[in-house]
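Right, one structure below, let's go through it.
All of the numbers you see were taken from the coordinates with simple rules; none came from a lab. Predicted model only: the values in this text are computed from it and were never measured. Don't worry about glycine lacking a Cβ; one is built from the backbone with ideal geometry, like all the others, and counts go over all protein chains shown.
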Amino acid sequence: MIEQRKEEHIRIAEHEAVTSDHNYWDDVRLIHHALPEIDFSSLDTGINFLSKRLKSPLIISSMTGGTQLAKNINRNLASAAEKAGVAMGVGSMRAAIEKPELADTFSVINEFRIPLKIANIGAPQLIDQEKKAFTDAQIERAVTMIEADAIYIHLNFLQEMVQPEGDRNARGILKRISEIASSYTVIVKETGNGLSREVAEDLKDAGVKALDVGGLGGTSFSAIEYYRAKKAGDMEKMNSGSTFWNWGIPSPASVKYCQVGLPVIGSGGLRNGLDLARAISMGAVAGGFARVLLQSADNSEEEISTRISWILRDLKIAMLLTRSRNIDALASARKIITEPLKSWMDAYEGE
Ligand SMILES: Cc1cc2nc3c(=O)[nH]c(=O)nc-3n(C[C@H](O)[C@H](O)[C@H](O)COP(=O)(O)O)c2cc1C
């Protein structure tokens, strides 16, 4: 059952070691400026993204919905998003599309004034699997459920392969994305394995409005599904989960590969405001945070708001220390790239 799977994902992400072995944001070293000549209180973190004004370049990445536990997490995240004036995505809306009685576990976010709300649908659900693909009417229902400004379509084919009950068909997705992109503001995101230059170009040609790299370095869905397979005694899927634990394109490299003329969200492994500054210095317009927000969002509204305020405070400290008055200046802050990320960047230079 989807609902049970979603709770397992949350509990495993909260309590098990589910990250990849290396966090590549550590390989982006911003160069310290000892004479900032900036008043901390005058720093401007605002950005324009998809015709909306956000107070800070932070996006609460898609995580959940479909259960009472998820409803509470979504409510707390939404309250924090309103307070901070930042964007928020909800988790895959499949559960509520298939069972309308679960709609409130997502639509609870409508109680808050969030500057940019992003619906979420899995790419595998856009084409026929054992179950029929979602229709246009079902997609419209997901968008209206949270009065969304944009839709995330997530790519998660590694997860589908490792998941005991995963979908196996990946044919025809690009065409369907392009149909949906002609009616809605579509952002395509990965979920921990990153986007290459070739994929970014295909998505741009398909009419997608922004890319969210969801790269390697943070949450590994191979790892999460490994733990689920272990619990289910499914040795075959456990084996695949362990084999592909560290599969993917490092998040910072993916941000670079995705510079094809669309706004890019840097995500996958962001832990704090310094990582967010690093993402912006690599060419991202904003950074997406998922797992590091989960436990606080589960605990309370106050705790998640505080957590986000700390991330934004550290972003501002990084801005001051790189003499970056605003986000545009931070985008060109001086930095060096160390190994192992450097080799990934060199591969791109050589393309
Ligand atoms: C518990 C959990 C549930 C998630 N569910 C979804 C989902 O439903 N849809 C989606 O697009 N991404 C989902 N993700 C992926 C995140 O949005 C993000 O791309 C990924 O976790 C990498 O970011 P992180 O390293 O900051 O966790 C989920 C992540 C977590 C931790």
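What FRET efficiency, computed as 1/(1 + (r/R0)^6) with R0 = 22 Å and r the Cβ-Cβ distance, is obtained for PHE40 and THR338, rounded to the nearest 0.05? About 0.20, to the nearest 0.05. For a modelled paramagnetic label at ASP136, 7 Å from Cα along Cα-to-Cβ, the residues of segment 180-201 in reach, with backbone nitrogen under 13 Å, are 180-184. Where both bridge residues fall in segment 7-151, DSSP classifies roughly 35% of the beta bridges as antiparallel. Taking Cβ atoms as reference points and 14 Å as the exclusive limit, the residues near PRO340 contribute a net charge of -3, counting Lys and Arg as +1 and Asp and Glu as -1. Couplings 3J(HN,Hα) for segment 78-90, derived from phi with the Karplus relation 6.51 cos²θ - 1.76 cosθ + 1.60 (θ = phi - 60°), are 5, 4, 5, 5, 5, 4, 8, x, 10, 7, 9, x, 9 Hz, where x marks Gly and Pro.
Computed per residue of the chain from DSSP H runs no shorter than four, each worth -39500 (n - 2.57), the mean residue ellipticity at 222 nm is -13000 deg cm²/dmol.
What residues have an amide H closer than 5 Å to that of PHE49, excluding those fewer than 5 places away on the same chain, when H is modeled at 1.01 Å from N in the peptide plane? Close amide H contacts, sequence-distant or interchain: LEU54. For the listed residue pairs LYS52/LYS342; LYS6/LYS342; LYS99/LYS230; LYS189/LYS231, the alpha carbons are over 31 angstrom apart in LYS52/LYS342; LYS6/LYS342. Using a ≥ b ≥ c from the Cα gyration tensor of segment 3-44 (square roots of the eigenvalues), is it rounded, prolate or oblate, where a/c under 1.5 gives rounded and otherwise the larger of a/b and b/c decides, a/b for prolate? Taking the square roots of the gyration eigenvalues as a ≥ b ≥ c, segment 3-44 is oblate.
With an 8 Å cut-off on Cα pairs and a minimum separation of 6 or more residues, tell me the relative contact order of segment 2-349 in percent. Computed over segment 2-349, the figure is 23 percent.
Using a Gaussian network model of the chain in which every pair of alpha carbons under 10 angstrom is joined by a spring, one finds that among ILE327, ILE265, ILE12 the greatest mean-square fluctuation is at ILE12. Report note on the peptides 101-111, 84-94: ranked by the mean count of other C-beta atoms within 10 Å, highest first, their order is 84-94, 101-111. Taking a ≥ b ≥ c as the square roots of the Cα gyration tensor eigenvalues, with a/c under 1.5 meaning rounded and otherwise prolate when a/b beats b/c, else oblate, which class fits segment 160-222? Here segment 160-222 falls in the oblate category. Karplus-derived 3J(HN,Hα) values for segment 223-238, using 6.51 cos²θ - 1.76 cosθ + 1.60 with θ = phi - 60°, are 5, 4, 5, 4, 5, 5, 5, 4, 4, 7, x, 9, 5, 5, 6, 4 Hz; glycine and proline are entered as x. Once the gyration tensor of the Cα atoms in the chain is diagonalised, the equivalent ellipsoid follows with semi-axes of 30, 23, 20 Å, ordered largest first.
Going by the alpha-carbon gyration tensor, a ≥ b ≥ c the square roots of its eigenvalues, is segment 124-173 rounded (a/c under 1.5) or, if a/c is not under 1.5, prolate (a/b greater than b/c) versus oblate? Prolate shape, in that a/c is at least 1.5 and a/b is the bigger ratio. Peptides 116-128, 22-34 ranked from most to least packed, by the mean per-residue count of other Cβ atoms within 10 Å: 116-128, 22-34. Under 17 Å of direct C-alpha separation, and excluding same-chain neighbours fewer than eight residues apart, LYS175 reaches these aspartates and glutamates: ASP128, ASP136, GLU198, GLU201, ASP202, ASP205. Comparing Cα centroids, segment 260-285 and segment 156-184 end up 24 angstrom apart. Taking amide H as placed 1.01 Å from N in the peptide plane, ALA133 has its amide H under 5 Å from the amide H of ASP128, each at least 5 places away in sequence or on another chain.
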